[in-house]
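Structure, as structure tokens:
The values are calculated or read from the model by the stated rules, or taken from the named source; none is laboratory data. None of these values were measured; they are calculated from a predicted model. In this analysis, Cβ positions are derived from the backbone assuming ideal geometry, glycine residues included, and neighbour counts consider all displayed protein chains. For the accessible areas, the whole protein counts, side chains as well, though only heavy atoms, and no ligand, DNA or RNA atoms are used. Shrake-Rupley method; radii C 1.70, N 1.55, O 1.52, S 1.80 Å.
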Amino acid sequence: MFVAEGVRTVEELLRSKLAIRGVLTAPQLADAPRGAALLASLAERTDIETAELSERDFASAAETDSPQGVLAIGEIPERSLADYSGVSPLTLLVLDAVQDPGNVGTIVRTAAALGATATVALPGTVDLWNAKVVRSGMGTHFIHPAFHATAESLASFLDATGAELWGADAKGGLVGARPRPARLALAVGNEGSGLTAATRGRADALVALRIAPDVESLNVAVAAGILLHALRQ
């Protein structure tokens, strides 16, 4: 299960098809019109158990510094690479030991916005359903397939489907200089060390963005967004 905290995130969860186990609310939720509207929506959902807590008790469950007064518990959907074995065209965004929750949430949101088929997290990547990641994703977790996989299962998937693996690396060729295959997995690496040796060794190609020579690198979420946009052209 996972935690969705905050008005906007819970609103998006209620609109999704994901199963919701329950919701906690606090008095401050009713102080704003949007929060009051969310309370009214929850009152109409007889399939969701809602418990109202004191502000103090709610704060003990919340992770944010200034809780908005609503927190939902959802069930993580079951997804795997096998779901995409027959999909073409295919664009998988692969997170190779990306550790910052804010970056990962932003990447999931960006992948959804730019048409990636799914986001796959390899070992070493922060939990995709970590509360901070979900909050940073701003509801896109509920509509965009994002799940964890082992390096071995990804390699097997690539072999079985004929999909190519491209790795984002500053020393690679420019992303637009290479024809884009119909089935593609694009890997972005760790914030500090880049791609792992295993992913780099498995990659069919390394691709890069043209940036100013006096700038060493880009934030991984920014780079992932630009690369995905380039691959749509």
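Worth a mention:
- With contacts taken as Cα pairs under 8 Å at a separation of at least 6 residues, region 40-169 carries a relative contact order of 23 percent.
- Three-way shape call for region 44-108 based on the alpha-carbon gyration tensor, with the a/c threshold at 1.5: oblate
- Taking the convex hull of Cα positions in the chain, its mean projected area over all directions (nm²): 14.0 nm²
- Between residue 216 and residue 60, the simple spin-label model (points 7 angstrom out along Cα→Cβ) gives 4.5 nm.
- Within the assembled protein chains, the solvent-accessible surface assigned to residue 229 is about 100 Å², based on a 1.4 Å probe.
- Percent accessible area from carbon and sulfur atoms, the chain, protein chains only, probe 1.4 Å: 51 percent
- Among 44, 11, the sequence by solvent-accessible area, most first, with a 1.4 Å probe is 44, 11.
- Cα long-axis angle, helix 33-44 against the chain (0 to 90 degrees, to the nearest 10): 80 degrees
- Under a 5 Å amide H cut-off, with hydrogens placed 1.01 Å from N, residue 148 pairs with 121 among residues at least 5 apart or on other chains.
- Take every pair of alpha-carbon atoms less than 8 Å apart whose residues are at least six positions apart; their mean separation over the length of the chain yields a relative contact order of 21 percent.
- DSSP bridge pairs, the chain: antiparallel proportion in percent, nearest 5: 25 percent
- The residues of region 1-129 have, on average, 48 Å² of accessible surface per residue, using a 1.4 Å probe with all protein chains present.
- Over all distinct Cα-Cα pairs of region 138-233, the Kirkwood formula returns a hydrodynamic radius of 14.5 Å.
- Our helix-only sum for the chain, with -39,500 (n - 2.57) per DSSP H run of n ≥ 4 divided by its residues, gives a mean residue ellipticity at 222 nm of -9500 deg cm²/dmol.
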